[in-house]
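First comes the structure, then the notes that go with it.
The values are calculated or read from the model by the stated rules, or taken from the named source; none is laboratory data. All values derive from a computational prediction rather than experimental measurement. FYI the Cβ positions are ideal-geometry reconstructions off the backbone, even for glycines, and counts take in every protein chain you see. Protein only, heavy atoms only, side chains kept; ligands, DNA and RNA dropped before computing areas. Shrake-Rupley method; radii C 1.70, N 1.55, O 1.52, S 1.80 Å.
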Amino acid sequence: MKNKTVFITGGTSGIGRETAVGLAQKGAHVVVSGRDQTRGEEGVADIKKRSGSQQVELILADMASFAEVRRMAAEFQERFDRLDVLINNVGYLPKERHLTVDGIEATLAVNHLAPFLLTHELLPLLKASAPSRVINVTGGAPFGGRVDFDNLQAEKSFLALNTYTHAKHVMSAASFEFARRLAGTGVSVNVAYPGSANTNMTHDLQPDMFPWFMRLMWPLFRRIQRSSKAEDAAVSSIFLASSPEVEGVSGKYFNTKGQESSWAKGLITNGVPERVWRISEAMLGLEEKALI
Ligand SMILES: NC(=O)c1ccc[n+]([C@@H]2O[C@H](COP(=O)([O-])OP(=O)(O)OC[C@H]3O[C@@H](n4cnc5c(N)ncnc54)[C@H](OP(=O)(O)O)[C@@H]3O)[C@@H](O)[C@H]2O)c1
C-alpha cells in the first residue's frame with residue numbers, strides 16, 4: 001500500500017480505527033475522519049503508535065449534515081492530491097426517530113445519503129487516481145434484504161435495528177448501481193459486512209431497539225456482541241482495500257472474512273438499484289451535476 005492514500009470515514013474509533021491501523025501497517029497514507037478534534041487526535045495518536053507509521057492524518061466533519069460532507073470533500077481535495085481507497089465506514093444507529101439539520105430522517109441520512117454524497121464529491125479524485133476503490137461498510141440484522149420505498153425515512157414505522165438495517169440495504173443497493181455506472185472507469189465499488197464488534201455504536205444498545213424475537217435472545221446476543229473485537233471486524237475492509245485479488249472486482253458483496261457472498265436478490269433486481277439512485281440524487285440535488 002506504499003504511495004496509496006486511503007480515506008476512512010469514522011476512522012477515529014471502533015472498526016474504522018482498526019482498519020486504519022491495518023492499512024497504515026501496510027504502508028498506506030491514511031486519512032481518518034471523525035467529528036471531534038480531541039477524540040480525533042487521540043485516535044490518530046493511537047493509530048500512529050500501533051502501526052508504527054507517521055502517515056496518519058485527521059479531517060473533521062459531522063456527516064449528519066450534507067453541507068459538512070461537501071465541505072469535508074472540498075477540504076480533502078485541497079489537502080491531498082490523490083485518493084486510492086475511500087472506505088465509507090461511518091454508521092449510525094439511533095434509538096429514536098429524528099431528523100437531521102437537512103430535515104432528513106437521521107438513520108437514512110448518515111448511513112446512506114452521506115456516503116452517497118461523499119463518494120459523488122470525491123469521484124473526480126478517485127477517477128484521477130484510478131485504479132481506485134470504494135468500500136461501503138454495511139451492517140444490521142442478517143434478514144430481509146429489500147428496500148421499502150414507502151417507508152424510506154421511517155415515516156410509517158421506526159424500530160432502531162430495523163430502520164438501521166433498512167438504511168444499510170438502501171446504501172448497498174446504491175453501491176451496486178454505483179459499480180454499474182462506474183464500469184470501465186477504473187473505480188470499483190464493493191460492499192463489506194464487518195460483523196459484530198464491541199464499539200461505541202453497540203455499547204448503548206438496549207432490548208427495545210430490537211424486534212421482539214431478537215429480544216428473547218438478548219442475553220446471548222449481548223454476550224456475543226461484548227466479546228467481539230473491532231480488530232476482527234476490520235478484516236473485510238482491510239482485505240478489500242489492499243488485496244491484489246480484488247483488483248478490478250466491482251459490484252460485489254463481501255462477508256466478515258472478506259469472501260465474496262451472494263447479494264440479497266431484493267436489493268439488486270427489479271430496478272431497485274436505479275430507483276434508489278434516482279431518489280438519492282433528487283434528495284441531494286445532485287441530478288444537474290451528472291457526474292456519472
Ligand atoms: N459494531 C458492530 O457490531 C457493527 C456491526 C455491523 C456493522 N457495523 C458498521 O461498521 C461501521 C463502524 O461501526 P463501529 O461499530 O466501529 O462504530 P463506532 O465505534 O461508533 O465508530 C464510529 C466512528 O464514526 C464516527 N462518527 C459517528 N457518527 C458520525 C457522524 N455523524 N459524522 C462523522 N463521524 C461520525 C465516530 O467519530 P467520533 O465519535 O469521534 O466523532 C467514529 O470514528 C459502521 O458503518 C457500522 O454500521 C458495526
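Does Asn88 meet the test of being farther than 26 Å from Met1 by Cβ, crowded, with 21+ Cβ neighbours inside 10 Å, within 14 Å of the ligand (Cβ to nearest atom) and modelled with pLDDT of 95 or more?
Numbers: farther than 26 Å from Met1 by Cβ: no; crowded, with 21+ Cβ neighbours inside 10 Å: yes; within 14 Å of the ligand (Cβ to nearest atom): yes; modelled with pLDDT of 95 or more: yes.
Considered against the rule, which asks whether it is farther than 26 Å from Met1 by Cβ, crowded, with 21+ Cβ neighbours inside 10 Å, within 14 Å of the ligand (Cβ to nearest atom) and modelled with pLDDT of 95 or more, Asn88 comes out as no.
When the stretch 1-31 is filtered for residues that are under 16 Å from Glu231 (Cα atoms) and among the hydrophobic types (A, V, I, L, M, F, W, C), the ones remaining, listed by number, are Ile8, Ile15, Ala20, Val21, Leu23, Ala24.
Asp204 satisfies every condition listed in (1) within 15 Å of the ligand (Cβ to nearest atom); (2) acidic (Asp, Glu); (3) buried (at least 18 other Cβ atoms within 10 Å of the Cβ) except (3). Of the numbered criteria (1) touching a Ser or Thr at 6+ places or on another chain (Cβ under 9 Å); (2) part of a helix (DSSP H, G or I); (3) of a type in the set (A, V, I, L, M, F, W, C), the one Leu220 fails is (1). Within the stretch 105-112, not a single residue is open to solvent by 10 Å² or more (accessible area, probe 1.4 Å) and of a type outside the set (Val, Ile, Thr). Of all residues in the stretch 187-198, those that are β-branched (Val, Ile, Thr) and away from the ligand (no atom under 14 Å from the Cβ) have Cβ atoms under 6 Å from Cβ atoms of residues that are assigned to a strand (DSSP E or B) and open to solvent by less than 10 Å² (accessible area, probe 1.4 Å), 6 or more apart or on another chain, in Val187/Ser132; Val189/Val134. Counting the residues of the stretch 220-261 that are under 19 Å from the mean Cα position of the chain (by Cα), surrounded by fewer than 15 Cβ atoms within 10 Å (Cβ to Cβ) and more than 12 Å from Gly195 (Cα to Cα) gives 4. Taking Gly144 as the residue in question, decide whether it is within 13 Å of the ligand (Cβ to nearest atom), at positive phi and not aromatic (Phe, Trp, Tyr). So Gly144 fails the test. Just one of (1) within 16 Å of the ligand (Cβ to nearest atom); (2) open to solvent by 20 Å² or more (accessible area, probe 1.4 Å); (3) in a helix (DSSP H, G or I) fails for Gly16. It is (2).
How many residues, within the stretch 140-167, are free of Cβ contacts under 8 Å to residues at least 60 places away in the same chain, out of contact with any His (no Cβ under 9 Å at 6 or more places or on another chain) and open to solvent by 10 Å² or more (accessible area, probe 1.4 Å)? I'd like the intermediate steps shown before the answer.
Start the filter on the stretch 140-167 by keeping residues that are free of Cβ contacts under 8 Å to residues at least 60 places away in the same chain, which leaves 140, 142-143, 148, 150-151, 153-157, 159, 162, 165-166.
Next, only the ones that are out of contact with any His (no Cβ under 9 Å at 6 or more places or on another chain) stay: 142-143, 150, 153, 155-157, 159, 162, 165-166.
Next cut, open to solvent by 10 Å² or more (accessible area, probe 1.4 Å) only: 142-143, 150, 153, 155-157, 159, 162, 166.
Count: 10.
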